[in-house]
Amino acid sequence: MSKLKNIIKQLSTKDYSAIYESLLNSNAEKSAYLLKFMREKQLSDAKIMEELEVNNNAYYTLRSRLNQKIEEYLLEQMESPRASLIKKVSTINEILFTKKKTIAVATLKKLEKELLDYDMANELTIVYKSLKKLQIHSPEDHFHYSQLYNRHVAYMLALDKSEDLLANYFKRYGEYMFSFDDTDKLGLSLMREELVNVANLYQSHRLFVYESFLNIFHQLFVEPEKKIVTDFEALFDKIQTTFDSYYLDASYYHLILVLEYLRFEYYHSIGDIKKADKYYEDINESLSSLLTNYNLYTASPNFLLSKLRYHVRNKSQASIHEENKILFEDFEINKKNINEYLIYILYRSISCYHSDKFEESAKWLNQFLNDASVKKYPYIYMETKLVLAYQYCLLKDQELLGQLINSIQRQIRLLGKENCVHVVIFIKILKVLINENRKEKNSKLSLLIKKFEKSLPPRFSPLAYLHIEEKIG
């Protein structure tokens, strides 16, 4: 748990003592002792679990809660000066009506400097508007503050536009992921270019961060053939430097998670497992928050799919099911976001499947198919039903399996066999599996699995995450 340990070691003595006392006073003794062990002793996780007399799941929960407590404390310290500045801005009219002009101008200039340090652009427009009015009889100063006011208003509009573009991009990406439609792909490329154009209008570190997030994601997931980012590591470091320079910015404090997620996806995509491991644990521990609060800044559900691939690569996929009980203890999925909802359900279902809990896996899929509709994405709808059919096959429920296969075959006839080659082969695999008396069963399965893997489409395919060769190959 490198991130938590690093944060704890970097706490000032005052902050450490305050957090420790707070945990003790709130009857969270084990969290307090965990904080102490990580701060003062060089113990392994296994040794800490032994000292605290907790199992792996309870230890995971303790770490998660301790991390949350530390974040809440640090955010509170961060917000205090910002809250003070907002309070000062709210008294500007009082200053204008009660103070002499020289004192009012000096006060507002001091406030301007503080707001610039904290990058509080909204509040700066109020300060510049007031300075502009105070200097109405001084043409040069009035023009100067008028320009600053106009520039900041335009900047705020550009910032609003960039945030809207970012959010709409990831909403559209969810649609493109399911449709794999060229029109949607073109729309994503145009939205990226528009954000780049907006960012180029201003020397803004915030616009730089948004533009960078989008460029990195676009190259990793939409147009990997385009060299939008020439040096990922240099760009990651530049974003981190921006965050470090504006460490009091509450948004950046949270957006570090997006940077870590993009780092993980990049290193995972190039097969650098050592570096991917470095970021995996921290993102995974914040998984519930990533899904709930970050889909305006990145395609956070994608991490669930990457996580499945990550564990298959490490041959640890059977561990995911038990871990989910802790990670999603208080989680509520947004059922209106069909992309997020289906990926979450597929993740939960496939996690159950990897632990041989086929009945539970089927329940997750039935929940989705009863709650939502993905008929506008016929291929995804068909494959989701086929994942369910596979669970019925493993449960040896021939009746439900037969009903689903008949339904899927009707869809195949509508879409055309040539467009569903992998689906047709997968159905053949299910029929061989369910027929226990079939001759040369293993050799036929082996041949069909190889054909299936070769026929998988280049788009998002739920069937690709089953890794059937691991289960029945």
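All of 214, 186, 190 fail the test of being farther than 23 Å from residue 124 by Cβ and touching a residue at least 24 places away in the same chain (Cβ under 8 Å), apart from 214. Residues in region 1-52 that are loosely packed, with under 13 Cβ neighbours inside 10 Å, assigned to a helix (DSSP H, G or I) and of a type in the set (Lys, Arg) were compared, and the one that is nearest to the chain's Cα centre (by Cα) is 9.
Within region 53-66, the set of residues being over 26 Å from the mean Cα position of the chain (by Cα) and aliphatic (A, V, I, L, M) comprises just one member, 54. For region 434-446, the count of residues that are modelled with pLDDT of 95 or more, farther than 23 Å from residue 317 by Cβ, surrounded by 15 or more Cβ atoms within 10 Å (Cβ to Cβ) and not basic (Lys, Arg) is zero. On inspection, residue 173 fails the criterion of being in contact (Cβ under 8 Å) with a residue 12 or more places away in the chain, within 28 Å of residue 314 (Cα to Cα) and surrounded by 19 or more Cβ atoms within 10 Å (Cβ to Cβ).
Exactly one of these conditions fails for residue 259: (1) buried (at least 16 other Cβ atoms within 10 Å of the Cβ); (2) at pLDDT below 95. Give me its number. All conditions are met except number (2).
Going by the structure shown, is residue 306 in contact with a helix residue (DSSP H, G or I) (Cβ under 8 Å, 6 or more places away or on another chain), of a type in the set (S, T, N, Q), buried (at least 20 other Cβ atoms within 10 Å of the Cβ) and in contact (Cβ under 8 Å) with a residue 24 or more places away in the chain? For residue 306, the condition - in contact with a helix residue (DSSP H, G or I) (Cβ under 8 Å, 6 or more places away or on another chain), of a type in the set (S, T, N, Q), buried (at least 20 other Cβ atoms within 10 Å of the Cβ) and in contact (Cβ under 8 Å) with a residue 24 or more places away in the chain - is not met.
Within region 129-145, the residues that satisfy the criterion of being outside any helix (DSSP H, G or I) and either closer than 17 Å to residue 92 by Cβ or among the aromatic types (Phe, Trp, Tyr) (or both) are 135, 136. Just wondering, is there one or more residues in region 167-188 that are outside the structural domain of residue 374 (by TED's automatic domain parsing), farther than 25 Å from residue 305 by Cβ, in a helix (DSSP H, G or I) and at pLDDT 95 or above? No, region 167-188 contains no residue that is outside the structural domain of residue 374 (by TED's automatic domain parsing), farther than 25 Å from residue 305 by Cβ, in a helix (DSSP H, G or I) and at pLDDT 95 or above. When residue 331 is tested against (1) among the aromatic types (Phe, Trp, Tyr); (2) exposed (fewer than 15 other Cβ atoms within 10 Å of the Cβ); (3) assigned by TED's automatic domain parsing to the domain that holds residue 262, just one condition goes unmet, and that condition is (3).
The criterion of at least 3 residues that are in contact with a strand residue (DSSP E or B) (Cβ under 6 Å, 6 or more places away or on another chain) is met by none of the helices (runs of 4 or more DSSP H) falling completely within region 235-304.
The values are calculated or read from the model by the stated rules, or taken from the named source; none is laboratory data. As the structure is a computational prediction, the values presented were derived from the model and not from experiment. Positions of Cβ are generated from backbone atoms using ideal geometry, with glycine treated the same way; all protein chains shown enter the neighbour counts.
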